[in-house]
Ligand code: SF4
Ligand code: SF4
């Protein structure tokens, strides 16, 4: 049975270091010591201040890095942001300040190497630094996700796909969330972190994972040597049926789920956590699928009051389904694969995933699950 540990915590340095130390004690003996090259893989989605709850909090990164340095490890801190530069995220996200004075090598993933992640993908390009480190520590954020419901430990390692190849993987996976979830699980186990820590001290609910989400204090940080087990335990604390989490279903399909984890520490259930709206992306008989896709199923929508026509959404869209239309943003819902990369990267929180009125009525009637 895999252990998952919950620690009550705040971002206060001393209390946090103690909590993180208890999580790091889960790492198998001998995996980290003097000279071990450890890669810290945080969630650095885009430039965002810590109070937005978009990124792994810098205080968590500091606590982990301090403990590793104390243990004699060589520490590198890297990610491949979806938008914005690594340098800007280091500044805006508070990492420059948090890591000041610590011998931590901070730089973005640049080079990729191919690694076989299993059928049907075979060898795919992933960050060399993640694959060649002696040990990877996965530093995820607990937040909602318009496409995958929650982004937790398993999904965080999708950031090991370098640069703009990421949206292309969305396109290749198409509209089927389960296909994309398989890819995420396979990437995760190819990287095989020695420890996953999920920062839920200041989590995000609602329309995450970008700036459209709402920060919510849960006061908990979670650790496990197995990210799928940590994610399952987090579903339990949120009162969420893990069968509705695509990455959990994928872990089960791929034989990565080993039943209920052994939960220890400060496990307290959370009430009223707000999840993003979700409807199926494929629905109805073939001859109606086009119409349903346009008018019934969930889709990205823009709030014109917040949109500044900055172009991040059409830059990232892998399906060419969003474009500038004068001072507005226009979507082609026939082309849109509902990956919600646009929602994720919008720097102004102007996009969200919404179900059209007809879809809401059908869901109310039980026709649309
Ligand atoms: S919707 Fe967001 S990302 Fe797209 S142009 Fe407007 S502000 Fe930029
Ligand atoms: S419009 Fe948004 S949700 Fe649709 S395919 Fe493009 S990035 Fe994905």
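Numbers for the structure displayed
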| quantity | calculated |
| --- | --- |
| Length gained when the stretch residue 113-residue 100 is fully extended (0.36 nm per residue, less Cα-Cα span) | 1.6 nm |
| Residue-span extension gain [residue 71 to residue 264] - 0.36 nm each, minus C-alpha spacing | 67.0 nm |
| Region 3-265: C-alpha gyration tensor shape, a/c 1.5 cut-off, then a/b vs b/c | rounded |
| Gyration tensor verdict on region 1-157 (Cα atoms; rounded if a/c is under 1.5, prolate if a/b is larger than b/c, oblate otherwise) | rounded |
| Sum of -39500 (n - 2.57) over DSSP H runs of 4+, divided by residues of the chain (222 nm, nearest 500) | -8500 deg cm²/dmol |
| Tensor-based shape of region 76-213 (alpha-carbon gyration tensor, a/c under 1.5 rounded, otherwise prolate or oblate) | oblate |
| Per principal axis, descending, Cα span of region 204-257 in whole Å | 34, 20, 19 |
| The chain: relative contact order as a whole-number percent, Cα under 8 Å and 6+ apart | 19 percent |
| Degrees, to the nearest 10: 227-238 long Cα axis against longest axis of the chain | 70 degrees |
| Alpha-carbon radius of gyration plus Dmax, which is the widest Cα pair, for region 1-40 in Å | 12.2, 32 |
| Per-peptide average of other Cβ atoms within 10 Å, ordering 90-96, 76-82, 226-232 highest first | 226-232, 76-82, 90-96 |
| Alpha-carbon centroids, region 1-20 and region 44-116: separation in whole Å | 19 Å |
| Residue 132 paired with residue 315, simple spin-label distance in nm, labels 7 Å along Cα-to-beta-carbon | 2.8 nm |
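Every number here is computed from the coordinates shown, using simple stated rules; none is lab data. A quick note: this is a predicted structure, and the numbers were derived from the prediction, not measured. Note: ideal-geometry Cβ built from the backbone for every residue, glycine included; neighbour counts use all protein chains shown.
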